1. Suppose each label sits 7 Å from its Cα in the direction of the beta carbon; what would the Ala130-Arg162 distance come out to in nanometres?
2. In straight Cα distance, which aspartates and glutamates are under 14 Å from Lys198, not counting same-chain residues fewer than 8 positions off?
3. For an R0 of 22 angstrom, estimate the FRET efficiency from the Cβ-Cβ distance between Gln120 and Asn20 and round to the nearest 0.05.
4. Could you give each residue of the stretch 186-198 its phi-based ³J(HN,Hα) in whole Hz, using Karplus coefficients 6.51, -1.76, 1.60 with θ = phi - 60°, and x for Gly or Pro?
5. Expressed as a fraction of 2.2 N^0.38 Å, the rule-of-thumb size for a compact globular protein of N residues, what is the C-alpha radius of gyration of the stretch 14-211?
6. Residue-wise, which Karplus ³J(HN,Hα) couplings in Hz belong to the stretch 63-74, taking 6.51 cos²θ - 1.76 cosθ + 1.60, θ = phi - 60°, and x for glycine or proline?
7. Quick one: Karplus J couplings for the stretch 118-132, per residue in order, coefficients 6.51, -1.76, 1.60, θ = phi - 60°, nearest Hz, x for Gly and Pro?
8. Once amide H atoms are placed 1.01 Å from N in the peptide plane, what residues at a sequence separation of 5 or more from Leu16, or on another chain, have their amide H within under 5 Å of its amide H?
Amino acid sequence: MSETVPAAGAAPRLVLATHNAHKVRELREILRPLLPGLHASDVVGAGDVGAEPPVEDGVTFAENALIKARALAAATGLPAVADDSGLCVDVLGGAPGVFSARWSGRHGDDLANLELLLAQLAEVPAQHRAAHFACAAALVTPSGTEIVEEGTMPGVLLTAPRGDGGFGYDPILQPAGENRSAAELTAEEKNAISHRGKAFRALAPHIVAALR
């Protein structure tokens, strides 16, 4: 779907704590049916407004999402949305969890994180490889409203990566009810069942209320 052409000089109404343009588009698509006439310029990313990322020192996804949303709302004076997500492995007691992006010790090194996790689980049999992706999405307004919604995508961990789509641990998680990895799903298929999709769709009505 093409985005509505923004009016010249239109000011943003909502800022998302990400520098990822794909995530900004995804949130716009979720909100568009609920806010007819939504413009592309209404929802922007943190990079578009020059906001610096805060230190994420929470111990839960919800805490980290709120840290990011609070900092962004304070910096911009706009309603702010942030999410935090990761992979939780049952046999590891929920790890990597909030440390998913830096499990190997290098933040954002997807391949190293994935390879380390596979090595740690190399001897774990199929019946004990249950895991899920988890996401917390937070809305914080300048007036002090704070709302968090969460979503999960359960599945099992494969023994080797499959698929070229997605990112992070997608190639090794096979969602429940699927015979493909998350990285083998189309973007539309993944968004329909993903942890992020569920969390943002649950948060969407609260965002709409904050923008009206």
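1. My value for the distance between the label points is 2.1 nm.
2. Glu26, Glu29, Asp83, Asp84, Glu149, Glu150, Glu188, Glu189
3. For R0 = 22 Å, the calculated efficiency reads 0.20.
4. 6, 4, 5, 5, 5, 4, 5, 10, 6, 4, 5, x, 5
5. In units of the 2.2 N^0.38 Å rule of thumb, it is 1.03.
6. Coupling constants for the stretch 63-74: 4, 5, 4, 5, 4, 5, 5, 5, 5, 6, 5, 5 Hz.
7. 4, 5, 5, 9, 4, 9, 7, x, 3, 5, 10, 9, 5, 7, 8
8. Residues meeting the criterion, in which the H sits 1.01 Å from N, are Val44, Gly45, Ala46, Val81.
Since every read-out is calculated from the coordinates, none of them should be taken as a lab result. All values derive from a computational prediction rather than experimental measurement. Please note: Cβ atoms are built from the backbone with ideal geometry, for glycine as well, and neighbour counts cover all protein chains shown.
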